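Read the structure below first, then the notes.
What follows draws every value from the coordinates through simple rules; no lab data is involved. As the structure is a prediction and not an experimental result, all values here were calculated from the model. Every residue, glycine as well, gets a Cβ built from its backbone with ideal geometry; the counts of neighbours run over all protein chains shown.
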Ligand code: UDP
Ligand code: MG
C-alpha cells in the first residue's frame, strides 16, 4: 500500500481491569491525537484501539462509552483473559487500515507525548522505533533487580533484547505485516520484533509510576514471562544440560576410580556419605534436566495444536462489527 501523507496512525492499547485509570488514559491519548492531527503529523483517519483482555471490572463499559463519544476510539473485547502479549497481538491484528502503529500500556506509565519523537524517527526512515525507559527509578528496587537479572539471563540464553524496552514501540506497515506472519503460540513480542528485522532505532522517555490500579505482573507472572522468553527463543538451556551431563559423567569416572581404590585398600564401608550425596545430587540434576526438557516438549505439544490465539467477543467502532 502506498504510504499516505499524513499517515494513518493506530495506537493499540491492551487493557486488563484498568477501570481506575482508563478514563484518564483515554482522554490523554485522545488529546494527544487531536494535537498531532491539528499539526498534520498524522491524518484524520488515526485512531486508538483499546483491547479489553477479558476484564472483570468496568473496563469494557468505559471503552464503549468513550467510543460513543469519540469515533476515533475503537474497542475490541477478547472472550477471556489471554495475557498482555496475546492482547497486544489481537490489537495489532485488528488494525489493517493503518500506515503506522504504536503499542502502549493503559496505565499511563508510557508517556504518549514520546510518540511524537517516534513519528519523527519513522519519517526519517526507521521501520521500528523502540521506546526505551530513561531510568527505572519509578520501579521498586525488587522490580529493578529482577528485571536486570531477566535481561542478563536472556542474553546468556542468546536472545537479543533492547535493554529497558517494554512494549511501547512503533512499527510501520511492513514491519507489522512481517510480525503478524509469526504465528507461534508462545508469544514474547519483545524478542520477536528484533528478529523481524527492519531499520530500527530507540526513543528515550521517562517512565512514570502507575498512578492508579495495580501491576498485573506479580512475581509469578514475571517468572512465567521470563521462562516463556527464554524457552521460546533459545535451546541454550537444553545444551547446558548436555554439557552438565558430560561434566558430571567425567567426574563420576573419577569417583569410580576412587571407589575402586578405596575397595582395594580394604575400607569398603567408607564412602557411604559420598554415595548418598552422589545419589541426591544426581537425582536433583536429573529432575531439573527432565523439567527443562519437559518445558520444551510441552511447547512443541502446544504449537502442534495450532489453536487460535484469541477470540474477539465484541467490538465497537471497528469496520467489521460495531
Ligand atoms: N494487561 C493485559 N492483560 C493481562 C495483564 C496486563 O492486557 O493479562 C495490560 C495492562 O492493562 C497494561 C499492560 O498490559 O495496559 C501492562 O501491564 P502492567 O502495567 O500490569 O505491567 P507492568 O507495567 O507492571 O509491567
Ligand atoms: Mg504498567
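The table that follows gives values for the structure above.
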| quantity | calculated |
| --- | --- |
| Residue 219-residue 135 FRET efficiency (beta carbon distance; Förster radius 22 Å; 0.05 resolution) | 0.50 |
| Per-selection Kirkwood Rh - segment 236-305 (Cα, Å, 1 d.p.) | 14.3 Å |
| Distance (nanometres) between label positions extended 7 Å along Cα→Cβ at residue 149 and residue 279 | 3.2 nm |
| Relative contact order %, the chain, counting alpha carbon pairs below 8 Å whose residues are six or more apart | 22 percent |
| Stretchable slack from residue 265 to residue 208, in nm (0.36 nm times residue separation minus alpha-carbon distance) | 13.5 nm |
| Pair residue 290, residue 156: separation of 7 Å Cα→Cβ label points (nm) | 2.4 nm |
| Folded to 0 to 90 degrees: helix 59-69 orientation relative to the chain principal axis, Cα | 20 degrees |
| Linear extension gain, residue 243 paired with residue 57, 0.36 nm per residue minus alpha-carbon span | 62.0 nm |
| Cα long-axis angle, helix 22-38 against the chain (0 to 90 degrees, to the nearest 10) | 60 degrees |
| Packing rank of 255-261, 23-29, 70-76, 35-41, where each peptide gets the mean count of other beta carbons within 10 Å, highest leading | 70-76, 23-29, 35-41, 255-261 |
| Listed peptides 12-19, 230-237 by packing density, highest first (mean Cβ within 10 Å) | 12-19, 230-237 |
| Contact order relative to length of segment 93-165, as percent, for alpha carbon pairs under 8 angstrom and 6 or more apart | 24 percent |
| MRE, 222 nm, helices only [DSSP H, n ≥ 4, -39500 (n - 2.57), over the chain, to nearest 500] | -16000 deg cm²/dmol |
| Relative packing of 162-170, 174-182, 290-298, which averages over residues the other C-beta atoms within 10 Å, highest first | 162-170, 174-182, 290-298 |
| C-alpha long axis of helix 114-123 to longest principal axis of the chain, angle in ° | 90 degrees |
| Distance between segment 191-232 and segment 72-130 - C-alpha centres, whole angstrom | 14 Å |
| Spatial extent of the chain: Rg and Dmax, with the Cα atoms as the point set, Å | 24.9, 93 |
| Spin-label model distance (nm) - residue 163 vs residue 252, 7 Å beyond Cα toward Cβ | 4.1 nm |
| Computed E for residue 181/residue 304 - FRET, C-beta separation, R0 30 angstrom, nearest 0.05 | 0.95 |
